[in-house]
Amino acid sequence: MHRLGLSVFCSVAALSCAAPALADPIKLEVANSWTSGGEAAAKQVIIDALAKKGVEWVDSSIAGFESANAAFNSRLMAGNPPPVKAAIAGLDQSEVIGQGLMTDIDATAKAAGADKALPKLLLDNVTFDGKIYEAPIEFHGESMYFYSMPVFAKAGIAAPPKTWDEMFADLDKVKAAGLIPVAWSGQGWQEVKTFNTILLSVIGTDGFNKVYTDKDEATVRSPGFAKAVDIFNKLHNYIQPGSENLNWNDATAMVITGKAALQFEGDWAKGEFVNAKQTPGKDYGCEFAPGSDGTIIISDVFAFPKVKDADQQKAQQILAETVFDPKVQVDFSLKKGSFPVRADVDTSALDICAQKDVAMVKAGKVAPEQAIVLTPAQNGTLTDLISQYFAAPTSTDAFVDGFVAMLKNA
Amino acid sequence: MGIGSRSDKGSGNLPGPTPLAGQVRRIAMGERRRVGRVAVPMLALLPVAAIVVFFYIGATLWTAGISLTDSRLLPTGKFIGLTQYQRLFATPVWQTSLVNLVILAVLVIGGCLVLGTLLAIALDRAVRFENSFRTIFLYPYALSFVVTGLVWQWLMNPGLGLQATAQQLGWTWFVFDWPQHRETAIYAVVLAGLWQGAGFVMVLMLAGLRGIDQDIWRATRIEGIPVTRTYWSIVLPQLSPTIATALILLAMGVIRTYDLVVAMTNGGPGTSTSVPAKFIIDNLFGRQNLGLATAGATVMLVTVLAVVVPIAYAQNIRAARRRNAL
């Protein structure tokens, strides 16, 4: 009896010594706003890659990036931030980083070769004070529209329009066929992106950069800018009623189901098409807005607030390392409809729409989206200005004045 | 429960020239005894009072202080005077918010009072199934503003709601899409607010009506005064404390309107249904603009004080006058 008890005790002790080798995965909370079908599938790519490295992704997602940002900011101010946040490169997190509230991933990024593989535009926007703070996971192009091929055929449109006049003529054909020409999501940030798509297509990549990056007033007051405002205004006649506060993926669903002809959307819309098992070139098409000579790009990144727990810090660096993994980048992009940030990955698996964007990036014809070069306060004022203009069009001059005031008010 | 009743527990029935004077003397005697008894409860309340002063008033002062700095996401100490207030009043969204607040205040408070009183009067007279009706009318108040906002958003959606149903049933002239147009969107919010608040006012007024002396009805019937005149000139003035209570509670709710607007229109179309609370929260968290948000909050505080303080002062004077007159 005595020896049995002793042997049981010894074997239990031995097993519990072996237990740390099979440790529980480290739980890492990630705050994000990727809640649609395609986005959730893309998240799963990273979740699976992390699980192999012993880190468990604890999802903390809130639909709508404005609400997600608000929740994150309030937790940050309370001193209890999540260890990882999905953010945007550039000025979005610059104040927080400047206040010393974020951890840098400089060593991990350099070890993964990021400082050589990332395009300079992006590298500059994730580096603060000489150190890399953010891990970019993808590029999104925001200069395209996605159209339903069956609807185009039904309306008798043979080929995508090359100019804005042809575009409006085609939209009239769709209207005559009894379908909705443009699926419109009536949320402020959506309207800003559509306006910018039109703006770049009219005044070109250089003009766009002059407006947003250089904040040049003369370009804002130019006739090209006014033309873009008029085109934006003209779209009123072609959108569906009940667009107010409609989520972007609900508008995409209208194109997927053949109720609407096209949607001006960033290429994250492809994630919805992928989820609905549609293929580009067969069921839907993607084209740059008529006259675009480049593409607006935005980069989603992961930012890492400072945390005290050593395990959490380790997990943060593991996530950064995973994000820079070329295979993860390609798989994530395939599911989400984006394209990888590393220039040294194999992009042949990407669909034709992403290939178009990659070609533009390689040619250097890119313009950073306004969220990268404007402060969050300016971005908010811009959103108010554009959404109020679309809801109640004033004169073009009044809009231009408001735009200039927003640029000056950093 | 009239003035002349002897049902209160006074300290002995001192005879007086009128029952009213006797009551007043009883109160005066009791008051002297009351002061001794007051010290212990006051001591017990001291921690709560300290918390109120430190956190509530202290936070208010801190907010006002921050509004004089150029804080962005996090508070800085850099004093810039009234620049934030200048920026605030130059912001079109803030101007729209103030206008919307006035519209909401007048229509929701006024509408709830009128509707609630009418419902209460109706229930007071028709006693059958009163409990069921009272419960049904009170149900909306039990819902959160978010649910109310979403429900009315769906009801007023042209593709999904009442308009679509009515048009499918053949009434193609029926249009009910207020949140879609910037001129009518705020009235959609008003409608949802009315639906939610009317039942609450009804319950308050019903309780007040039950306290009215039923002899009045007999008296007015004998005199031949019409029912509506009775209500307007005799009953409702007696209910003025209840009306005041309902008014204050409704006003508190309207000034704080945030979740109803967010759930229903999210400030849209454009920015036409912005309200001050939403403006402040948006700038505080989403737009990383602490200075502008605290400026807005301070303006709201000053507005509320500007309305409440004179009323409280006037009430104090009236009460003091009543005490001195006796």
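The values are calculated or read from the model by the stated rules, or taken from the named source; none is laboratory data. Owing to the predicted nature of the structure, the values given are computational and were not obtained by experimental measurement. Reconstructed Cβ throughout: ideal geometry from the backbone, glycine too, with neighbour counts over all protein chains shown. We work out accessible area using only protein heavy atoms, side chains counted, and drop any ligands, DNA or RNA first. Shrake-Rupley method; radii C 1.70, N 1.55, O 1.52, S 1.80 Å.
Assigned to a strand (DSSP E or B) and touching a residue at least 12 places away in the same chain (Cβ under 8 Å): does that describe A:Ile97?
Numbers: assigned to a strand (DSSP E or B): no; touching a residue at least 12 places away in the same chain (Cβ under 8 Å): yes.
No: the conditions fail for A:Ile97.
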>> If a residue counts only when it is of a type in the set (Gly, Ala, Ser) and open to solvent by 10 Å² or more (accessible area, probe 1.4 Å), which strands (runs of 3 or more DSSP E) contained entirely in segment A:113-207 have at least 1 such residues?
In response: none
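So which residues in segment A:212-230 are in contact (Cβ under 8 Å) with a residue 40 or more places away in the chain and either in contact with a Cys (Cβ under 7 Å, 6 or more places away or on another chain) or open to solvent by less than 10 Å² (accessible area, probe 1.4 Å) (or both)? Please lay out each step first, then the result.
We begin by selecting, within segment A:212-230, every residue in contact (Cβ under 8 Å) with a residue 40 or more places away in the chain; these are A:212-213, A:215, A:217, A:220-221, A:225-226, A:229-230.
Within segment A:212-230, A:Tyr212, A:Val220, A:Phe225, A:Val229 qualify.
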> What single numbered condition from (1) open to solvent by 50 Å² or more (accessible area, probe 1.4 Å); (2) at pLDDT 90 or above; (3) outside any helix (DSSP H, G or I) fails to hold for B:Ser274?
Replying inline: (1)
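Rundown of residues vs (1) buried (at least 18 other Cβ atoms within 10 Å of the Cβ); (2) touching a residue at least 40 places away in the same chain (Cβ under 8 Å); (3) touching a Ser or Thr at 6+ places or on another chain (Cβ under 9 Å); (4) closer than 30 Å to B:Ala142 by Cβ, yes/no style:
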residue: B:Leu206; (1), (2), (3), (4): yes, yes, no, yes
residue: B:Gly211; (1), (2), (3), (4): no, yes, yes, yes
residue: B:Trp232; (1), (2), (3), (4): no, no, no, no
residue: B:Val235; (1), (2), (3), (4): yes, no, no, yes
residue: B:Leu247; (1), (2), (3), (4): no, yes, no, yes
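When segment A:370-410 is examined, which residues are found to be of a type in the set (D, E, K, R) and at the interface with chain B (Cβ under 9 Å from one of its Cβ atoms)?
So in segment A:370-410, the residues of a type in the set (D, E, K, R) come out as A:384, A:397, A:401, A:408.
Scanning segment A:370-410 gives a single hit, A:Asp384.
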>> Based on this model, can you work out whether B:Pro269 counts as of a type outside the set (Lys, Arg), in contact with a strand residue (DSSP E or B) (Cβ under 9 Å, 6 or more places away or on another chain) and closer than 19 Å to B:Val146 by Cα?
In response: yes
>> Could you check segment A:48-73 and list, in sequence order, the residues that are part of a helix (DSSP H, G or I) and surrounded by 15 or more Cβ atoms within 10 Å (Cβ to Cβ)?
In response: A:Ala49, A:Leu50, A:Phe65, A:Glu66, A:Ser67, A:Ala68, A:Asn69, A:Ala70, A:Ala71, A:Phe72, A:Asn73
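Would you call A:Lys356 surrounded by fewer than 24 Cβ atoms within 10 Å (Cβ to Cβ), within 16 Å of A:Gly266 (Cα to Cα) and charged (D, E, K, R)? Break it down stepwise before answering.
Numbers: surrounded by fewer than 24 Cβ atoms within 10 Å (Cβ to Cβ): yes; within 16 Å of A:Gly266 (Cα to Cα): yes; charged (D, E, K, R): yes.
The answer is yes for A:Lys356.
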> Which of the residues that make up segment B:163-198 are within 14 Å of chain A (Cβ to nearest Cβ), aromatic (Phe, Trp, Tyr) and open to solvent by 70 Å² or more (accessible area, probe 1.4 Å)?
Replying inline: B:Trp178
>> Please pick out the residue among A:Val307, A:Val361, A:Val373 that is under 25 Å from A:Ala114 (Cβ atoms), surrounded by fewer than 20 Cβ atoms within 10 Å (Cβ to Cβ) and within 18 Å of the chain's Cα centre (by Cα).
In response: A:Val373
> In this structure, is A:Asp250 open to solvent by less than 10 Å² (accessible area, probe 1.4 Å) and in the same structural domain as A:Pro181 (by TED's automatic domain parsing)?
Replying inline: no
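In segment B:281-309, which residue that is aliphatic (A, V, I, L, M) and buried (at least 24 other Cβ atoms within 10 Å of the Cβ) is farthest from the other protein chains (Cβ to nearest Cβ)?
Taking segment B:281-309 as the starting set, the residues that turn out to be aliphatic (A, V, I, L, M) are B:281, B:284, B:290, B:292-293, B:295, B:297, B:299-302, B:304-309.
Right, trim to buried (at least 24 other Cβ atoms within 10 Å of the Cβ) and you get B:290, B:292-293, B:295.
Details: B:Leu290: 9, B:Leu292: 8, B:Ala293: 10, B:Ala295: 13 Å.
Within segment B:281-309, the match that is farthest from the other protein chains (Cβ to nearest Cβ) is B:Ala295.
Residue check: is A:Lys110 among the basic types (Lys, Arg), surrounded by fewer than 16 Cβ atoms within 10 Å (Cβ to Cβ) and in contact with a strand residue (DSSP E or B) (Cβ under 9 Å, 6 or more places away or on another chain)?
On the way: among the basic types (Lys, Arg): yes; surrounded by fewer than 16 Cβ atoms within 10 Å (Cβ to Cβ): yes; in contact with a strand residue (DSSP E or B) (Cβ under 9 Å, 6 or more places away or on another chain): yes.
Considered against the rule, which asks whether it is among the basic types (Lys, Arg), surrounded by fewer than 16 Cβ atoms within 10 Å (Cβ to Cβ) and in contact with a strand residue (DSSP E or B) (Cβ under 9 Å, 6 or more places away or on another chain), A:Lys110 comes out as yes.
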>> Need the failing condition index for B:Thr135 against (1) modelled with pLDDT under 90; (2) crowded, with 17+ Cβ neighbours inside 10 Å, just the number.
In response: (2)
>> For the list (1) surrounded by fewer than 15 Cβ atoms within 10 Å (Cβ to Cβ); (2) not in a helix (DSSP H, G or I), I need the number of the one condition that B:Arg221 fails.
In response: (2)
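Could you say which residue among B:Ala312, B:Ala320 is within 20 Å of the chain's Cα centre (by Cα) and either modelled with pLDDT under 90 or assigned to a loop (DSSP other than H, G, I, E, B) (or both)? Full working, then the answer.
Working: B:Ala320 fails: within 20 Å of the chain's Cα centre (by Cα).
Step by step, each of B:Ala312, B:Ala320 is checked, and only B:Ala312 is within 20 Å of the chain's Cα centre (by Cα) and either modelled with pLDDT under 90 or assigned to a loop (DSSP other than H, G, I, E, B) (or both).
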> Looking at segment B:96-129, which of its residues are within 12 Å of B:Met202 (Cα to Cα), free of Cβ contacts under 8 Å to residues at least 12 places away in the same chain and open to solvent by less than 70 Å² (accessible area, probe 1.4 Å)?
Replying inline: B:Ala122
>> The conditions are (1) open to solvent by 30 Å² or more (accessible area, probe 1.4 Å); (2) under 24 Å from B:Asn283 (Cα atoms), and A:Ala86 fails exactly one of them. Which is it?
In response: (1)
>> If a residue must be outside any helix (DSSP H, G or I), hydrophobic (A, V, I, L, M, F, W, C) and open to solvent by 30 Å² or more (accessible area, probe 1.4 Å), how many such residues does segment A:253-275 contain?
In response: 0
> Could you count how many residues in segment A:174-196 are of a type in the set (Phe, Trp, Tyr) and either under 19 Å from A:Ile256 (Cβ atoms) or free of Cβ contacts under 8 Å to residues at least 12 places away in the same chain (or both)?
Replying inline: 1
